[in-house]
Amino acid sequence: MPNNLRHYLPIAVLLVVFLIALRPQAITAADDAQSTTFIIGQIVDGQGAPVDGALVELRAGQAGRVLAEGESQPDGRYALPLPAEVAPNAQLSLYVSRSHFEEAVITLDSSAVEPLSRGQSVVVGELTLARRIGPGLWIAAGVFLLMLILIAATELHNTLAALLGAVLILGISYLGGAISEDLFIFEFDGALSYVDWNVIFLVMGMMIVIAIVERTGVFQWLAVKAYRISGGRPWLLLTILMLITGLASAFLDNVTTMLLMTPITVQIALALGMNPLALLIPELMASNVIGVSTLVGTPTNILIGSFANISFNDFLVNLTPGVIMAFAGLLLYSLIAYRGDLRGRGRISEAMLERLTHRSQIEEPGDLRKALVVGAFMLVLFVAGERIHLLPAVTALMGATVLLFLVQPDIEEMIDSVDWTTLVFFISLFIVVGAIQEVGLLAWIAQLIGDLVGDNLPLAMLAVIWLSAVLSMVVANIPFTAAMLPVVGYLTLTIPGAHNKSLFYCLSVGAAMGGNGTSIGASANMVTLGIAERAGYPVTYGYFLKKGLPAVIITVTLATVWLFVRFVF
């Protein structure tokens with residue numbers, strides 16, 4: 001096999017697998033061409049959401065002989081094909097069962113039996129299954145809480161904490177389920193059904209694109225350019241660096257952006273005789289704030305966009321004005337909060353400036369031009385792709401593959417540059433969150449919030465945005481967002497006027513901007529502060545909270561004003 005073909009084969013295989021995973025799911029019962037008589041219905045839970053995978057059996061007589069059986073589909077619908085005609089006076093009942101729900105029985109009356117005896121299909125309508133609260137719910141809740149504690153404590157790597165949670169869920173389901181049915185949560189196939197592969201492949205594709213851009217040295221070049229433009233004035237340097245970092249984070253992952261910007265920022269600050277934290281922390285907060293404006297700007301937006309079918313263009317149109325307002329407030333606050341470090345004019349020695357300039361040379365200008373062209377092409381597809389139902393993950397994979405073909409770097413090096421640790425974290429996180437969704441915990445929380453806010457959309461918006469902001473300071477915002485998505489989905493369906501997905505935008509703003517409150521609020525925070533500590537500038541939890549909490553209050557308040565203007569007034 002030619003070397004080039006062997007190199008690109010893994011990406012092609014992954015793309016094929018992804019497209020196969022997105023194929024429409026057919027109703028298997030309805031595909032039985034040998035039968036033309038069906039019993040058709042739909043199964044929902046107490047919140048009106050469809051119930052997938054419920055076993056539906058048609059039984060005859062008191063003995064309960066099974067005549068037909070099938071499972072409900074993702075939309076909750078089922079179609080049972082009758083193998084033969086039934087007697088006009090037959091006693092027929094539908095038995096519906098599913099894990100974590102109470103069993104339900106529907107007795108078919110004569111108005112349903114008679115058409116069936118004549119070979120006519122019958123629609124029995126909607127059946128609501130009641131949730132069953134059992135040991136499985138408390139086990140899933142306990143594992144989820146344990147995972148959050150391990151992530152917050154930072155004693156264990158985030159990925160290891162999430163993987164441990166997923167393994168506990170699956171281990172208890174299989175080993176405990178063999179002892180008692182009440183300990184069962186879901187099977188392996190059921191666990192994988194909760195993994196959002198659109199998110200996984202979108203993140204993977206963007207990682208490859210970022211790895212190629214990173215090789216060009218453009219971020220380091222921008223940082224040194226910012227110093228030259230500022231003329232050594234610290235306040236102007238801070239403003240420019242916040243803009244550069246924020247705008248980069250709107251189109252690239254904010255963790256990667258901070259990884260690239262932090263080292264050169266520290267060097268410039270030290271050369272100016274400044275405290276590097278006066279530049280780093282505002283940069284970091286700008287990254288988390290401005291990243292909210294696009295689908296790919298923050299990991300939380302990637303989760304929200306995939307779950308709620310919100311496009312790149314939707315985020316851009318509905319959130320950008322609020323993000324601009326929030327950034328203006330953040331910039332003003334940063335200039336005031338660090339005014340002592342930003343006074344006067346610093347100057348870098350010619351020797352140091354020469355060294356920094358040498359390190360910030362764009363090493364591969366040809367590759368950078370190709371990356372800019374492909375990036376512009378991807379941006380067009382992100383914005384316009386919704387018209388042809390082009391998923392963002394497909395756009396990311398297309399862009400990554402085209403860029404690899406044009407640049408032709410060491411393919412093994414590029415594949416190695418994909419942060420598989422993060423992808424495993426996302427997959428494990430989806431499984432753990434899927435467990436608490438499977439057992440009904442999130443449905444119960446959604447019902448509780450729904451009862452508190454009633455049908456008041458403004459109250460619901462305030463509850464979602466500020467609850468998200470506060471909790472994202474305590475819990476890392478990625479697992480929090482993943483857990484909140486089904487809750488917000490339920491509120492969107494039940495609150496009048498929420499069909500415009502305003503509550504999802506509130507979750508986006510609250511989760512991302514709230515992450516600025518503490519050092520553990522966002523992944524980018526922990527990465528940036530880790531580099532700062534290695535440079536000799538450790539940041540305590542209390543120091544970050546002192547600087548971050550006012551920033552959260554200012555930015556979230558300004559963004560809330562915009563959301564009310566956009567969706568209420």
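With each label point set 7 Å from Cα along the Cα-Cβ vector, what nm distance links Leu390 and Leu160?
Reported label-point gap for Leu390 and Leu160 is 4.2 nm.
Would you please give the FRET efficiency between Glu71 and Ala141, computed as 1/(1 + (r/R0)^6) with r the Cβ-Cβ distance and R0 = 45 Å, to the nearest 0.05?
FRET efficiency, Glu71 to Ala141: 0.95.
Which residues' amide hydrogens lie under 5 Å from the amide hydrogen of Phe184, considering only partners 5 or more residues apart or on another chain, with H built in the peptide plane?
Residues meeting the criterion, in which the H sits 1.01 Å from N, do not exist here.
Give the whole-number value, in cubic angstrom per residue, of the convex hull volume spanned by the C-alpha atoms of the range 37-135.
93
Please work out the Cα center distance from the range 170-245 to the range 247-280, rounded to the nearest Å.
18
At q = 0.07, 0.09 Å⁻¹, what is the log10 ratio I(q)/I(0) for the chain, with the Debye formula run over Cα points and no solvent?
Here log10 of I(q) over I(0) equals -0.48, -0.75.
Starting from the range 497-569, pick out the trypsin sites (Lys or Arg not before Pro) whose DSSP state is loop and whose Cβ has at most 12 other Cβ atoms within 10 Å.
none
Could you check the simple spin-label distance between Arg132 and Glu102, using points 7 Å along Cα→Cβ, in nm with one decimal?
Each label point is offset 7 Å from its Cα along the Cβ direction, giving 1.1 nm.
For the chain, return all DSSP H helices satisfying: extent of Cα atoms along own axis at least 30 Å; mean Kyte-Doolittle hydropathy at least 1.0.
Helices passing the filter in the chain: 312-337, 541-567.
Would you mind getting the accessible area per residue of the chain, heavy atoms of the protein chains only, 1.4 Å probe, in Å²?
I get 44 Å² per residue for the chain.
Just reorder Thr557, Thr159, Thr128 by solvent-accessible area, largest first, 1.4 Å probe, all chains present.
Thr128, Thr557, Thr159
How about the range 102-156: which trypsin sites (Lys or Arg not before Pro) there lie in a loop by DSSP and see at most 15 other Cβ atoms within 10 Å?
Arg118
Expressed as a rounded percentage, what relative contact order does the chain have, with Cα pairs under 8 Å and six or more residues apart?
That works out to 16 percent.
Name the longest site-free stretch of the chain, where the excluded sites are GluC sites (Glu not before Pro) in a DSSP loop with no more than 16 other beta-carbon atoms within 10 Å.
Of all site-free stretches, the longest is 364-569.
If one computes the Cα centroid of the range 527-547 and of the range 292-332, what distance in Å separates the two points?
With the range 527-547 and the range 292-332 each reduced to a Cα centre, they are spaced 26 Å.
The values are calculated or read from the model by the stated rules, or taken from the named source; none is laboratory data. Computed from a predicted model, the values in this text were never measured in an experiment. Cβ coordinates were reconstructed from backbone atoms using ideal geometry, including for glycine residues, and neighbour counts include every protein chain displayed. All accessible areas refer to the heavy atoms of the entire protein, side chains included, with ligands and DNA or RNA removed. Shrake-Rupley method; radii C 1.70, N 1.55, O 1.52, S 1.80 Å.
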